[in-house]
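Down below is the structure, laid out as structure tokens.
The values are calculated or read from the model by the stated rules, or taken from the named source; none is laboratory data. The structure displayed is predicted, hence computed values, not measured ones. Glycine gets a Cβ as well: all are built from the backbone with ideal geometry, and neighbour counts include every protein chain shown. Accessible surface areas use protein heavy atoms only, side chains included; no ligands, DNA or RNA. Shrake-Rupley method; radii C 1.70, N 1.55, O 1.52, S 1.80 Å.
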Amino acid sequence: MTNEEFADLANPHSWLLTADSLHEQALDLWQRRGSGQLILQGPCGTRRVWSATERATVLLATFALENAIKAFLVYEHPHWVSNGKLSRQLTSHRLLELRAKSTIIPYRNRLTHVLEFFDGGIDSWARYPCALSAAESIDLPSLSFWVWEDYRRTMRAYGRRMEKLLTTGWKGPHGRGGTWDCKTWKFLQQEG
């Protein structure tokens, strides 16, 4: 693959398409919550119960947020996808740190609790049975209806803003770029 082809593949629209796909799957799992249970029995008889779909819902939503945020970063900093590789600025999974690098992303200083919730599970309870250490490990938190609604609000805002940006165009590295029609994105739909 050439550097130019790589830049075509790593355009902001591609990041948003990936985010949209992950978001769609998270919405599907959210609709199926309560269809099964994950029960953790502790050594002293303690018992915790979660929806069997919750961990996967959180993980997919986290990766959807990450890809959506990276769409804004690539839009603002096209050189971060130049020369055939991603900049180190794009290789983090830390949602709050990534969002802080964008000056055009919606809710730059609002709904931080959404990113904090999903950020908290990326390297621990949402993806693994534990974190890297006992000090970093926490009990599996519950994904509340209110956090979920704020997640959806955040994703809609990201989709709407990126739609406006991409319909006006993106000038990428190596003379690449373009405009895109974004009307089919799940971000922009209200159900779920």
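Could you sort 6, 118 by their accessible area in this structure, using a 1.4 Å probe and putting the largest first? Don't jump to the answer; show the numbers that get you there.
Working: 6 45, 118 0 Å².
Heavy-atom accessible area, descending, gives 6, 118.
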Local charge sum around residue 178 (other residues, Cβ-Cβ under 10 Å, Lys/Arg +1, Asp/Glu -1)? +1
128, 75, 151, reordered so the largest accessible area comes first (probe 1.4 Å): 128, 75, 151
Using a probe of 1.4 angstrom, how much of the accessible area of the range 3-181 is carbon and sulfur, in percent? 51 percent
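Give me the net charge of residue 100's neighbourhood, meaning all other residues with Cβ under 11 Å from the Cβ of residue 100; Lys, Arg count +1, Asp, Glu -1. Don't jump to the answer; show the numbers that get you there.
Details: positive: 94, 99, 101, 108; negative: 97.
Cβ neighbours under 11 Å give a net charge of +3.
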For the range 3-181, what does the accessible surface come to per residue with a 1.4 Å probe? Please give it in Å². 51 Å²
Under 5 Å, built H, 5+ apart or other chain: amide partners of residue 177: 172
For the range 81-160, with only Lys/Arg (+1) and Asp/Glu (-1) charged at the beta-carbon, what is the dipole magnitude about the Cα centre, in debye rounded to 20? 580 debye
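Count the net charge of all other residues whose Cβ sits under 11 Å from the Cβ of residue 84, scoring Lys and Arg as +1 and Asp and Glu as -1. Mind dumping the intermediate values first?
Numbers: positive: 85; negative: 4, 5.
Once all neighbours under 11 Å are counted, the net charge is -1.
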